[in-house]
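Visitor: Okay, here's the structure, questions in a sec.
Bear in mind these aren't lab numbers, they're just calculated from the coordinates by the rules spelled out. Being a predicted model, the structure only gives us computed values, none of them experimental. Cβ sites come from the backbone with ideal geometry, for glycine too, and all protein chains shown count toward neighbours.
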Amino acid sequence: MNRNELFRLVRLVEVKDYSTAAHTWRVALYTQAVAEDLNLEPKMIQRLMRGAVLHDFGKIDIPSDILRKPGRLDDEEWKTIRQHPLHGYDRLKRMGEDDPLVLNLVRSHHERLDGSGYPDGLVGEQIPFEAQMFSVIDSFDAMTSIRPYREAHPIQDEARAISELEARAGEWYAPALVERFLRLIRHGKLTWISKHFNDSSSANKLISPDDLTEISALASHHRPEE
Ligand SMILES: [Fe+2]
């Protein structure tokens, strides 16, 4: 799958769920930063980023009125939403995706260490590393990003997200990965990402190929020195 195809797939999700838009690209950049911090091979980093970009692809199978519902979801609606990792996994497989890193990340990014996650209720090390890593990133971005229906308070949101990740380390998230991620956050290494497309004017923004070029340029500018 080349960059244009990848872009088209993400656009399909974006037009359905506006809150997904910039989120997708931010989590891809967080993934890159964390993977680089873990000294993973460049090839591996690319594969993880592809998984990050495609993580919510299954949302195209979820009705828009549920995805865009501003208030609380009822039990039935939650049940439907919780199917999105499986939908994404199945669709990508049918489209010929065969990279286990990508498929695992898509399927298991909402699993939790204590088995309370979905869709498979995996426990501890049953959850693939790539999904454990991504769930920390995905949760952080969900807690710190602008949503069309709520006001943002960047400093308070970040503080709350940090304490939530710390409180759930060991229960939902892998402690070593939380520690690693929060170290990058606290050192301000990820601030440029959390600010990206994350203000009230861009809450509903669809990312264009030009934006992507800009994002790539930013990413190489922020890459840690050797
Ligand atoms: Fe998701």
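Visitor: How large is the Rg to Rh ratio of the range 67-157 when both quantities use alpha carbon positions and Rh follows Kirkwood?
Guide: Working: Rg = 14.8 Å, Rh = 14.6 Å.
Using only Cα positions, Rg/Rh for the range 67-157 is 1.01.
Visitor: Calculate, in nm to one decimal, what Arg68 and Met95 gain on full extension: separation in residues at 0.36 nm each, minus their alpha carbon distance. Numbers along the way, then the final one.
Guide: Numbers: separation 27, 0.36 × 27 = 9.72 nm, distance 2.66 nm.
Here the answer is 7.1 nm.
Visitor: Tell me the net charge near Leu122. Cut-off is 12 Å between Cβ atoms, Leu122 excluded, with +1 for each Lys or Arg and -1 for each Asp or Glu. Present the calculation step by step, with values, prior to reporting the outcome.
Guide: Values: positive: Arg107, Arg112; negative: Glu111, Asp114, Asp120, Glu125.
Surrounding charge for Leu122 is -2.
Visitor: Now a separate question. Given R₀ = 22 Å, what would the calculated FRET efficiency be for His153 paired with Trp192, taking r from the Cβ atoms and rounding to 0.05? Don't skip to the end; give the middle numbers.
Guide: On the way: r = 19 Å, r/R0 = 0.88.
For His153 and Trp192, the calculated efficiency is 0.70.
Visitor: Mind checking the full-extension length gain between Gln126 and Lys79? Use 0.36 nm per residue of separation minus the Cα-Cα distance, one decimal, nm.
Guide: Net length gain for the segment: 14.7 nm.
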